[in-house]
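Okay, so here's the structure we're looking at.
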């Protein structure tokens, strides 16, 4: 019976945590940026153009530089990606997405460390991690 009560209590804590994340300013900003990006016709045109070119790019990749349209497709997709990434709504959304991911990563680390210092918690992009210089988790003594 005790294990069942502990599980119920744990589920309640998890639900409360999820609710706090959803009600956070970071999640709210993410939703606002997502809605703005989805509602802007020009932004959606840029995204759709990139998606179409991405499908063509994948087809060209099967044959590599021997495909007759290789150079044109490579240039087109780079320009479309740049155009999409420089769109202010896409840029704002990506920043908000990164902020939300960082929040979720920090929560995962806290939960993992509360269980044991030796638990490895996968989190975000390792290139943006702070703390250990070499990426070995500090085992080399660089931290």
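Only the coordinates and a few stated rules stand behind these numbers; no lab work does. Worth saying up front: this structure is predicted, and the values here are computed from it rather than measured. Note that we place each Cβ from the backbone using ideal geometry, even for glycine, and neighbour counts take in every protein chain shown.
With the Cα gyration tensor of segment 29-128 in hand, give its eigenvalues times 5 under a square root as the equivalent ellipsoid semi-axes, listed largest first in whole angstrom.
Over the Cα atoms of segment 29-128, the semi-axes work out to 35, 21, 9 Å.
Pull out the extension gain between residue 102 and residue 11, defined as 0.36 nm times the separation in residues minus the alpha carbon to alpha carbon distance; nm, one decimal.
Full extension of this stretch gives 30.5 nm more.
Each label point is 7 Å from the Cα along the Cα-to-Cβ direction; what then is the distance between the points at residue 75 and residue 109, in nm?
Simple spin-label model gives 4.5 nm for this pair.
Using the beta-carbon distance between residue 119 and residue 61 and R0 = 25 Å, what value does 1/(1 + (r/R0)^6) give for FRET efficiency, to the nearest 0.05?
0.05
Under a plain spin-label model, where a point goes 7 Å from the Cα along Cα-to-Cβ, how far apart in nm are residue 54 and residue 36?
About 2.2 nm, to one decimal.
Quote the Stokes-Einstein diffusion coefficient, in whole µm² s⁻¹, for segment 18-65, based on the Kirkwood radius over alpha carbon pairs, a temperature of 25 °C and a viscosity of 0.890 mPa s.
Once the numbers are plugged in, D ends up at 185 µm²/s.
Report, in whole Å, the centroid distance computed from the Cα atoms of segment 57-80 and segment 1-51.
A separation of 36 Å, based on Cα centres.
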